[in-house]
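J.: Below you will find the structure I want to go over with you.
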């Protein structure tokens, strides 16, 4: 991604912008905004270059109508995705997710036409298997999400409200574009923890409330910080944000395991480290 550039009356970080049938260039106020836009712009450019390939990929994606319905019904989150709206097309977002996973994530940003052409030439032949893997995983996530949404009206109101708030951050409209594949692969476990929580809720609602109270203060502090930071550190790239999800797994479905040891104390220490990093 290009470095910061200053022009008379204008300061910002230039990046590619996805314009649908083309890509453009504009300046952004922060490096994070520019990086996100640049990645989506590169993804659009790759799809335009490989339009014929993606026409067949789109047709053969292993997702069903029910998954499409669940995805379209997701609610936009004003803090996480101000440029994404509800009613998004699952297959289109899946294709963008596949492109970002195969061509962009975990690699150097594309800064030149030569680098772009070399990347596409070297990776375009290996897109079929990742497309199938990612699509099947997402279809499974949407099936889990549908089951959770169907169960929520029957749950105790405090727990249901807490779960809805969690899902608003985990699976807002366009979450496939907001969440790196490395994190999306963990979603089945996060959602399974919610399903297990709902199963236990009827037997011991008091215990559920006690566990929810352990997570509430640090989550509230984090969400207020995201609001104040105005996108400085996107939640998808924020390690602390994912530690919160791991903490919830440890509280409500401990048998599922976590990616790394987690506790209220570890989370508090991680928060202090995050604050220092942001201030530094």
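The values are calculated or read from the model by the stated rules, or taken from the named source; none is laboratory data. From a predicted model like this one, the values you see are computed outputs, not experimental measurements. Note that each Cβ is placed from the backbone with ideal geometry, even for glycine, and that neighbours are counted across all protein chains shown.
J.: Considering only residues that are without any contact (Cβ under 8 Å) to a residue 40 or more places away in the chain and in a helix (DSSP H, G or I), which ones fall in the range 24-43?
T.: Across the range 24-43, the qualifying residues are 31, 34, 37, 41.
J.: Scanning for something surrounded by fewer than 18 Cβ atoms within 10 Å (Cβ to Cβ), on the phi > 0 side of the Ramachandran plot and in contact with a helix residue (DSSP H, G or I) (Cβ under 7 Å, 6 or more places away or on another chain), does the range 218-233 turn up at least one residue?
T.: Among the residues of the range 218-233, at least one is surrounded by fewer than 18 Cβ atoms within 10 Å (Cβ to Cβ), on the phi > 0 side of the Ramachandran plot and in contact with a helix residue (DSSP H, G or I) (Cβ under 7 Å, 6 or more places away or on another chain), which makes the answer yes.
J.: Now a separate question. Among the residues of the range 103-129, what is the count of those that are within 16 Å of the chain's Cα centre (by Cα) and surrounded by 18 or more Cβ atoms within 10 Å (Cβ to Cβ)?
T.: Summing the residues that are within 16 Å of the chain's Cα centre (by Cα) and surrounded by 18 or more Cβ atoms within 10 Å (Cβ to Cβ) in the range 103-129 gives 1.
J.: Considering only the range 153-181, how many residues are in contact (Cβ under 8 Å) with a residue 24 or more places away in the chain, over 18 Å from the mean Cα position of the chain (by Cα), crowded, with 16+ Cβ neighbours inside 10 Å and assigned to a helix (DSSP H, G or I)?
T.: 2
J.: Which one of these does residue 194 not meet: (1) modelled with pLDDT of 95 or more; (2) farther than 27 Å from residue 96 by Cβ; (3) assigned to a helix (DSSP H, G or I); (4) in contact with a helix residue (DSSP H, G or I) (Cβ under 6 Å, 6 or more places away or on another chain)?
T.: (2)
J.: Here are some residues: 60, 93, 53. Which one is closer than 21 Å to residue 138 by Cβ and either touching a strand residue (DSSP E or B) at 6+ places or on another chain (Cβ under 8 Å) or exposed (fewer than 14 other Cβ atoms within 10 Å of the Cβ) (or both)?
T.: 60
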